[in-house]
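J.: Provided herewith is a single structure, encoded as structure tokens, for subsequent inquiry.
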Amino acid sequence: MAAGHAHVERGPLARAASLLPAILAALLTAWFASIAPTVLRDGPVDFSWQWVAPLGIEAGFRIDGLGLLFGLLVSGIGLAVAIYTLGYLGSHPDLGRFHVAFVMFMLSMLGVVLADDVILLFVFWELTSFSSFLLIGFEHDRPAARRAALQALLVTGGGGLALFAGLLLLGNVAGTYSISEMGNVAGALAASGLALPVVLLVGAGAMTKSALVPFHFWLPNAMEAPAPVSSYLHSATMVKAGIYLIARMNPHLGGLAEWSVLLMIAGSATALFAAAGALRQTDLKRILAWSTVSSLGLMALLLSIGTEASGRAAILFLVAHAFYKAALFQVAGAIDHELGARDYRTVSGLARPMPILAAAAVVAAASLIGLPPLAGAVAKDAVYAATFGAGSFVMVITGVVVVTSTLLVVVAFRAAFLPFFGRSPSHQLEHPGTVWALNAPPLALALSGALAGIFATGWIDPFISAAATSIGGAISSADPSPLPAGKAWLGYGSIVIGSALALLLGRKTRDARDAAADRFWDAGIAGTLRSATWLTDTIQSGYLRLYLSIIIAFTVVLLAIGAGVPAIAEGARWSRPLLADVSALGLAVGGALLALFARSRLVAVIALSAVGVGASLFYMLHGAPDVAMTQILVDILTVIFFMLAFQRLPQLGEFSGRFARYRDAVLATSFGLIIGLLTYFGMTSTTRSPISTFFAENSVAEAHGRNIVNVILVDFRALDTLGEISVLGAAGLGVYALLKLRRPSKERT
Amino acid sequence: VTSLILTTATRLLLPILLMFSLFLLLRGHNEPGGGFTGGLVAASGFALYALARGVGAARRLVRADTRIITVAGLATALTSGIPALFTGRPFLTGLWSPAGFPGAGKVGTPLMFDVGVYLLVIGITLTILFTLAEEQQWKS
């Protein structure tokens, strides 16, 4: 599929520019390395800027042990991927577009792992979803890529919204949005009754991002993305953001039983289901994707234990996984790039033409399987040490880990060994394995995994320990007991059984691309669109009079039963009306009745303006000459407008049936009545002090004006006025558009 | 169909109405008046002119595109809120000249806001009026 695009030759400047992402990643890696001694020796380093001060939100970043480790992973693996991209997409015409999204992702991912403010974390979290969308849909001329991109965006974006709600609740209960100041809020959450909502909402965010069951399906589909994206976002970094969040929240939510149970169930289900799912795939990248989902499930499961040992095991496993899985994805991508094929059943014997790639694959797969002294083996020891300290669930959790590990051994055989060994080369290659940018990065990543394993107790250890310290242990456990013989047997036993299973199965697979969750997804999307269509057809009739009726009816109901009229009716006074008021009222009511029963439209229009005159009389009588003047002017212009539109209107007659007229009469009467009552009660209420006193007192002092109406309009409530005149402007342009757009169709008649 | 009386009266009425509208606009902060009322009076003046001489003549008299006047009004009102930002106060806070000007009294950003309202009301009213009237002419 990578062979499908047109190849372009780049000039020297463009070639230099295409190195920029790699240079940025290298600089970031160097910066994190340079700051590492300070963080490891003196504790977290903070950077913060004022952001939304009134809401207590600040752009606070904090580099602690966990942040440092993730920062190094994101920038370091980013460097390897940036170089690999030059080999994989070097001649792609849209390399620039790829690089923009790539850099955007790298920076937002760093934002996620360094943010010390939950709101800031959420912003970066959504940015990673968004850049992931752009990268999955990179080859946007393919429908499958577009579908996968949209699916990933909707799943992770939807989870992001849930996360946002959860973080807001969390911040409210904790009294701060700063993660480092939050402390353990488990007790406060339980007391507030918000424990379950917060756990479910934050959990939904983590589970969608890290593709835990039942949100796992987007990740295998995301394999539509180019291999560098799969290697970087969908194995090494972005999908670990959910795991990062779980780890980050452990000191704050760790003591909640709901939290542990959710993670344990989701983690176990994901680990087992996805490991089995990986064996039903034939596409190299999809095999790896399913195994990634399974590994993410294991990490969540480990964190659910909540002990010192489990946090340490999760971190070790995460680091080992990042290295070997990123390397394996790059190997698969390189095979695809050179051969244009990625079905593990047909690809074989590539060790001779592609020796470097084969070496990278073997080392990475050995780490996956857990052969000492590679990082994977160190991680696996720590994992068993953690599961044996898991208290009452020791059997279940250990069992899940053993079964999953066994199945993942088969994955290692299929994704890394079978393509390179076995029968003679399945494909003829023109320039086998000569692109160094496709070979060096996976080898470097695989060897980094080896080094990390060898020096696990040496200089690597402070990094792991610092990260484990950041995760903390809510339920500080008993000893991370020295590895008894039983655990070693479990580890090696699973390798032996897994290898036997792999050799037994060979290249036999039942291809099952169409997962149930995916069908469910399609049905959900189709259902959403259908219901949206139905809703639109139902409520969007296209008749203005119907829209107005609905709006008016709702207003009446809300004012009558809601917090409108009844709320202020209490304390209203009745008073004797003045004679002048009665005559003004008589003018207005008479005008209204005349307009209603007029036989000619001209009479109706003039009668309506009598209503306006009656109203302005009221304003004059009660000391609002401004409003009176405006009312009269509006009435004059209304009559002029009417005159202009007159000839266009149809002959006055009966346009609606008897029922419609009664319905409209009821609607109009009740609307007038309710507004009248609202005004009356509002004006005479004795329970609340009127706001006009404030305006009267402050008009001259604060706003240098004696005309209160005008001061309110242009100063006290200027923002409201601005909104109103914007609406007015839009309405005027709307009238213009309606009249002008009508013309061409009329001209034909 | 033009009426001689209307045409003659308009010649006198339009300047008076326009001046009156400016008068309303400027005194609005202290006495009855303001941008909205002033804008309506000015628009009525032009409406009268359009009725007497036809829309084409009225459009020529106004010169500027009425839609541009609308947008200019909105932009003026919007702009009047910006100076407050530079003094660290919220958007649209009124800023006033320390001393009064002869004839106008103290001058401040609320006046500019009101000028925006004035222009917008004229622009809208005339847009609707002219469009409707042209529709009419086209038909007859």
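The values are calculated or read from the model by the stated rules, or taken from the named source; none is laboratory data. Since the structure is predicted, the reported quantities are computational estimates derived from the model, not experimental observations. Neighbour counts are summed over all protein chains in view; Cβ atoms, including those assigned to glycine, are modelled from backbone coordinates with ideal geometry.
J.: When residues of region A:184-227 are filtered for being over 16 Å from the mean Cα position of the chain (by Cα), in contact (Cβ under 8 Å) with a residue 12 or more places away in the chain and farther than 18 Å from A:Ala144 by Cβ, how many remain?
T.: Counting residues in region A:184-227 that are over 16 Å from the mean Cα position of the chain (by Cα), in contact (Cβ under 8 Å) with a residue 12 or more places away in the chain and farther than 18 Å from A:Ala144 by Cβ gives 16.
J.: In this structure, does A:Phe641 turn out to be outside any loop (DSSP other than H, G, I, E, B) and within 14 Å of chain B (Cβ to nearest Cβ)? Outline the logic, then answer.
T.: Values: outside any loop (DSSP other than H, G, I, E, B): yes; within 14 Å of chain B (Cβ to nearest Cβ): yes.
When the stated conditions are applied, A:Phe641 passes them.
J.: Another question, if that's okay. For B:Leu92, state whether it is over 14 Å from B:Gly35 (Cα atoms), touching a residue at least 12 places away in the same chain (Cβ under 8 Å), facing another protein chain (nearest Cβ under 7 Å) and out of contact with any strand residue (DSSP E or B) (no Cβ under 8 Å at 6 or more places or on another chain). Quick ask: steps written out before the conclusion?
T.: Numbers: over 14 Å from B:Gly35 (Cα atoms): yes; touching a residue at least 12 places away in the same chain (Cβ under 8 Å): yes; facing another protein chain (nearest Cβ under 7 Å): yes; out of contact with any strand residue (DSSP E or B) (no Cβ under 8 Å at 6 or more places or on another chain): yes.
When the stated conditions are applied, B:Leu92 passes them.
J.: If you take the residues in region B:26-35 that are in contact (Cβ under 8 Å) with a residue 24 or more places away in the chain and surrounded by fewer than 24 Cβ atoms within 10 Å (Cβ to Cβ), which one is nearest to the other protein chains (Cβ to nearest Cβ)?
T.: Within region B:26-35, the first condition is being in contact (Cβ under 8 Å) with a residue 24 or more places away in the chain, and the residues that meet it are B:26, B:28-30, B:34-35.
In the following step, the residues that additionally are surrounded by fewer than 24 Cβ atoms within 10 Å (Cβ to Cβ) were identified as B:26, B:30.
Numbers: B:Leu26: 11, B:Asn30: 4 Å.
Among those residues, the one meeting the criterion is B:Asn30.
J.: Would you check if B:Pro110 is more than 8 Å from chain A (Cβ to nearest Cβ) and either of a type outside the set (Ser, Thr, Tyr) or under 18 Å from A:Gly732 (Cα atoms) (or both)?
T.: Details: more than 8 Å from chain A (Cβ to nearest Cβ): no; either of a type outside the set (Ser, Thr, Tyr) or under 18 Å from A:Gly732 (Cα atoms) (or both): yes.
Considered against the rule, which asks whether it is more than 8 Å from chain A (Cβ to nearest Cβ) and either of a type outside the set (Ser, Thr, Tyr) or under 18 Å from A:Gly732 (Cα atoms) (or both), B:Pro110 comes out as no.
J.: Restricting attention to helices (runs of 4 or more DSSP H) lying wholly within region A:41-158, give those where 2 or more residues are of a type in the set (Ser, Thr, Tyr).
T.: On the way: elements: A:65-88, A:95-114, A:118-136.
Result: A:65-88, A:118-136.
J.: Pull up region B:36-48, narrow it to residues that are touching a residue at least 60 places away in the same chain (Cβ under 8 Å) and more than 7 Å from every other protein chain (Cβ to nearest Cβ), then point me to the one that is farthest from A:Glu724 (Cα to Cα).
T.: That would be B:Phe46.
J.: Could you look through region A:429-487, keep only residues that are acidic (Asp, Glu) and over 17 Å from A:Leu69 (Cβ atoms), and pick out the one that is modelled with the highest pLDDT? So that I can check it myself, show each step before the final result.
T.: In the first step, residues of region A:429-487 are kept if they are acidic (Asp, Glu); the result is A:430, A:461, A:479.
Okay, now just the ones that are also over 17 Å from A:Leu69 (Cβ atoms), so A:430, A:479.
On the way: A:Glu430: 63, A:Asp479: 45.
Once the filter is applied, the top-ranked residue is A:Glu430.
J.: Output the residues belonging to region A:489-529 that are charged (D, E, K, R), within 38 Å of the chain's Cα centre (by Cα) and modelled with pLDDT under 80. Reasoning before the result, please.
T.: Our first condition is that a residue be charged (D, E, K, R); within region A:489-529, this holds for A:507-508, A:510-511, A:513-514, A:518-519, A:522.
Filter once more, so that each one left must be within 38 Å of the chain's Cα centre (by Cα): A:510-511, A:513-514, A:518-519, A:522.
Those that are charged (D, E, K, R), within 38 Å of the chain's Cα centre (by Cα) and modelled with pLDDT under 80: A:Arg510, A:Asp511, A:Arg513, A:Asp514.
J.: Take region A:175-206 and flag every residue that is surrounded by 20 or more Cβ atoms within 10 Å (Cβ to Cβ), at pLDDT 90 or above and over 25 Å from A:Leu114 (Cβ atoms).
T.: Result: A:Ala195, single match.
J.: Could you list, in sequence order, all residues of region A:697-723 that are among the polar types (S, T, N, Q), more than 8 Å from chain B (Cβ to nearest Cβ) and surrounded by 15 or more Cβ atoms within 10 Å (Cβ to Cβ)?
T.: In the first step, residues of region A:697-723 are kept if they are among the polar types (S, T, N, Q); the result is A:698-699, A:707, A:710, A:721.
Next, from what is left, pick out any that are more than 8 Å from chain B (Cβ to nearest Cβ): A:698-699.
Residue satisfying the conditions is A:Ser699 alone.
J.: Return the residue satisfying two criteria in turn: it lies in region B:49-73 and is surrounded by fewer than 21 Cβ atoms within 10 Å (Cβ to Cβ) and at the interface with chain A (Cβ under 9 Å from one of its Cβ atoms), and of such residues it is nearest to A:Leu719 (Cα to Cα).
T.: It comes out as B:Val71.
J.: Another question about this same structure. Would it be correct to say that A:Ala16 is of a type outside the set (Val, Ile, Thr), in a helix (DSSP H, G or I) and either touching a His at 6+ places or on another chain (Cβ under 7 Å) or modelled with pLDDT of 85 or more (or both)? Quick ask: steps written out before the conclusion?
T.: Working: of a type outside the set (Val, Ile, Thr): yes; in a helix (DSSP H, G or I): yes; either touching a His at 6+ places or on another chain (Cβ under 7 Å) or modelled with pLDDT of 85 or more (or both): yes.
Yes.
Every residue, every condition in (1) without any contact (Cβ under 8 Å) to a residue 12 or more places away in the chain; (2) aliphatic (A, V, I, L, M); (3) crowded, with 22+ Cβ neighbours inside 10 Å, yes or no:
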{"site": "A:Asp46", "(1), (2), (3)": "no, no, no"}
{"site": "A:Gly65", "(1), (2), (3)": "no, no, yes"}
{"site": "A:Leu79", "(1), (2), (3)": "no, yes, yes"}
{"site": "A:His92", "(1), (2), (3)": "no, no, no"}
{"site": "A:Trp125", "(1), (2), (3)": "no, no, yes"}
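J.: Now for a different question. Going by what's in this entry, would B:Ala9 be described as at negative phi and within 14 Å of chain A (Cβ to nearest Cβ)? Let's see the steps before the verdict.
T.: Values: at negative phi: yes; within 14 Å of chain A (Cβ to nearest Cβ): no.
Against the criterion (at negative phi and within 14 Å of chain A (Cβ to nearest Cβ)), B:Ala9 does not qualify.
J.: Scan region A:171-194 and give yes if some residue there is touching a Phe, Trp or Tyr at 6+ places or on another chain (Cβ under 9 Å), aliphatic (A, V, I, L, M) and closer than 30 Å to A:Ala289 by Cβ, otherwise no. First the steps, then the outcome.
T.: Just the residues of region A:171-194 that are touching a Phe, Trp or Tyr at 6+ places or on another chain (Cβ under 9 Å), to begin with: A:171, A:186.
Those still in the list that are aliphatic (A, V, I, L, M) too: A:186.
With the extra rule that they be closer than 30 Å to A:Ala289 by Cβ, the set shrinks to none.
No, region A:171-194 has no match at all.
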